[in-house]
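Participant: Dumping the structure here so I can ask a few things about it.
The values are calculated or read from the model by the stated rules, or taken from the named source; none is laboratory data. Nothing here was measured: the structure is a model prediction, and the numbers come from that model. For neighbour counting, all protein chains shown are included, and Cβ atoms are generated from backbone atoms with ideal geometry for every residue, glycine included.
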């Protein structure tokens, strides 16, 4: 019996409005509310609502044999709560079926897991776990980090926070010749996590290649796909993807909803296949080996590492500056500034600054609200610079000795 | 193949991109085995002036007197706009006379086709075409709309451009932007208009950066003619904004033009004269140094058909900000673009570049790679394709006696 584990990521960043350095806003309100609402509306109409409805119907039709898992980022939850409560209601309805599992992540969909020091990762994960419990009635036991970023250290931190399992990319670097279709465990002693690895070949067939013109396997029908699943050896086939695959990245005319609707029926017809949630896999299966990840992997870009967010100096500077502000933001203790700093940690902001060449660059541009990665960087640094300025001013007002961040202020002018 | 080419500028007598284009195009075509007769006005400014053709033996240069004791290059360095101070009728007359004399001086010499550059050469080219039956290629390096910055284009020039666009067998535009303009404003038949980008001579610009001293920290460069088309006042307004945040920044304005005085007065009125340095016209051999000494190059043109200086800046490793209404911008990823009128945005982009070394570094590296796509070899190859295409269509003509 081979399990099929479906996991969908649901996330929307708080996109920045244009911040010019000489026009600082009075409040640390850096967000383009109108644009973010417009995009949330679009995603709701094209994806979240119709896909949720489809899944709900499938769960009923299969008497609960169909199961899926979601992660909903805190940043998404905030926006949905404020602007599209109907979408949250729709997820709650799914939760009530008992067949939908919600996973934990960093509240702000951030890269804090990669920070060398500090408590930010833990704070964000705890906050997210609490939010999921409040929203859906149960605390998550399975974790996935932002964009499935995983390394040995993250594995240890997540284990330390009490989770049972973690999801990541079944990258060749982790597996070598081995198959992603089993459970693994982290190499470090005493780490009890189970690691679920995405089968990227089959996942990307749906998420990316489904409507790629000229792909030899088109059209990808549920029938054909299920036949592939049936022929695939292993204990579990982990199909992890962005939820917006359904309706946004793959438009309805591609047949993606028909595919989803037909999938459970075809799986039902094959005695060797059934759906499972991540928790069920953890209960039913034993790890068959260990994985080592001294360098982080992720599900992004061709390299499936962290280069999507950190390959160039601009991104590295954003990443470093965010960390440098941690002591200052904590010292000030202002909720609005803390919130703004955390929203700036959302990985998307760095993603928009990527200057990779062809292939990956097109994908980055598709998601980016900016004309260019250079404007993305300037805008981000203007926001961060303003945050820093406000934090310092607040600190002075509070009469505190100024806590100097670990690096000097903005780089001096060239020369 | 033999081409009779009618031009206006040729090094060392150049004012802008046209001269550079003429040199590179003729050199490249000659390397591909094309014979070229090049007609240009004779420079009448003095005895010790170098002669064109003396440096360039790949092409047969025929200098045609533009007018006795009147040089079309006098004053603002060969401005193609009638905005040139003190030109007015003199310039127009110089153009008329040049065209008349080209027609008289023309000798087909087994030419297979004619190629003329910009409106200045159109009347003569059309007349020669009429007399000889040779097919005509017309390259539009700029339009009257560009040069007038959309204000008050001179109708008689537009009429000439329209005629050229309609009567030439082929029109080459230096960018998609210009091709679109020509189609929109002159109803050109899109099938006869081809966009061919200019190139850049990388070897000339790719030099190690100059070591910086304290005084040259944060230098912002404007390197264009001081005419309305090039947006110098937008540059200065942005400069003022930048200086409010970064008082140590320095602005360098090179070039001559009818707006020089207005620009100078503007900087004095706004109290920024001490941070804005007007260098005057910089001779070709010194341009590389000027780029090297800059931290950011800005081309805020109201309407720029191509913008070779952008490529020069990028090849020199200088992060560049370009107006969105420019031809070169359409093909570049590793520049910052801005609406020429949005001086706040321009100021913020300048500040962004000056403040952040990671940004400068990335733009320098990526820009330096990207600019390699622009080669004069490609320009020449694509131009040659236009010629070959045209000659395949056109039946061989008997060149009628003049």
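Participant: Look at segment A:290-308 and say how many of its residues are closer than 18 Å to residue A:196 by Cα and crowded, with 18+ Cβ neighbours inside 10 Å.
Facilitator: Of the residues in segment A:290-308, 9 are closer than 18 Å to residue A:196 by Cα and crowded, with 18+ Cβ neighbours inside 10 Å.
Participant: Any residue at all in segment B:190-198 that's more than 18 Å from residue B:387 (Cβ to Cβ) and part of a loop (DSSP other than H, G, I, E, B)?
Facilitator: There is no residue in segment B:190-198 that is more than 18 Å from residue B:387 (Cβ to Cβ) and part of a loop (DSSP other than H, G, I, E, B).
Participant: Got a sec? Which of A:263, A:239 is part of a helix (DSSP H, G or I), in the same structural domain as residue A:148 (by TED's automatic domain parsing) and within 26 Å of the chain's Cα centre (by Cα)?
Facilitator: Matching residue, one of A:263, A:239: A:263.
Participant: Can residue A:210 be described as in a helix (DSSP H, G or I), surrounded by 14 or more Cβ atoms within 10 Å (Cβ to Cβ) and modelled with pLDDT under 95? If you could, list the steps in order and put the result at the bottom.
Facilitator: Numbers: in a helix (DSSP H, G or I): yes; surrounded by 14 or more Cβ atoms within 10 Å (Cβ to Cβ): yes; modelled with pLDDT under 95: yes.
So residue A:210 fits the description; yes.
Participant: Same structure again: Might you let me know whether segment B:312-324 holds any residue that is within 14 Å of chain A (Cβ to nearest Cβ) and under 16 Å from the mean Cα position of the chain (by Cα)?
Facilitator: Restricting attention to segment B:312-324, the residues satisfying the condition of being within 14 Å of chain A (Cβ to nearest Cβ) are B:314, B:317-324.
Retained after the next criterion (residues that are under 16 Å from the mean Cα position of the chain (by Cα)): B:322-323.
For segment B:312-324, residues within 14 Å of chain A (Cβ to nearest Cβ) and under 16 Å from the mean Cα position of the chain (by Cα): present.
Participant: Please verify whether residue B:298 is closer than 24 Å to residue B:229 by Cβ, not assigned by TED's automatic domain parsing to the domain that holds residue B:116 and not in a helix (DSSP H, G or I), treating the condition exactly as stated.
Facilitator: yes
Participant: Checking the conditions here, which among A:311, A:364 is buried (at least 18 other Cβ atoms within 10 Å of the Cβ), closer than 23 Å to residue B:366 by Cβ and either away from chain B (no Cβ under 11 Å) or touching a strand residue (DSSP E or B) at 6+ places or on another chain (Cβ under 6 Å) (or both)?
Facilitator: One residue alone meets the criteria, A:364.
Participant: Take the conditions modelled with pLDDT of 95 or more and within 19 Å of residue A:132 (Cβ to Cβ) and apply them to residue A:43. Does it pass?
Facilitator: So residue A:43 fails the test.
Participant: What is the residue count in segment B:179-194 for residues that are touching a residue at least 24 places away in the same chain (Cβ under 8 Å) and touching a strand residue (DSSP E or B) at 6+ places or on another chain (Cβ under 6 Å)?
Facilitator: The qualifying residues number 4.
So that you can scan it fast, the table gives a plain yes or no per residue for (1) touching a residue at least 40 places away in the same chain (Cβ under 8 Å); (2) surrounded by fewer than 24 Cβ atoms within 10 Å (Cβ to Cβ); (3) within 26 Å of residue A:310 (Cβ to Cβ); (4) touching a strand residue (DSSP E or B) at 6+ places or on another chain (Cβ under 8 Å):
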position	(1), (2), (3), (4)
A:150	yes, no, yes, yes
A:181	yes, yes, no, yes
A:186	yes, no, yes, yes
A:189	no, yes, no, no
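Participant: Here is a further query. Would you confirm whether or not segment B:331-351 contains a residue that is more than 8 Å from chain A (Cβ to nearest Cβ), surrounded by fewer than 22 Cβ atoms within 10 Å (Cβ to Cβ) and assigned to a helix (DSSP H, G or I)?
Facilitator: Among the residues of segment B:331-351, at least one is more than 8 Å from chain A (Cβ to nearest Cβ), surrounded by fewer than 22 Cβ atoms within 10 Å (Cβ to Cβ) and assigned to a helix (DSSP H, G or I), which makes the answer yes.
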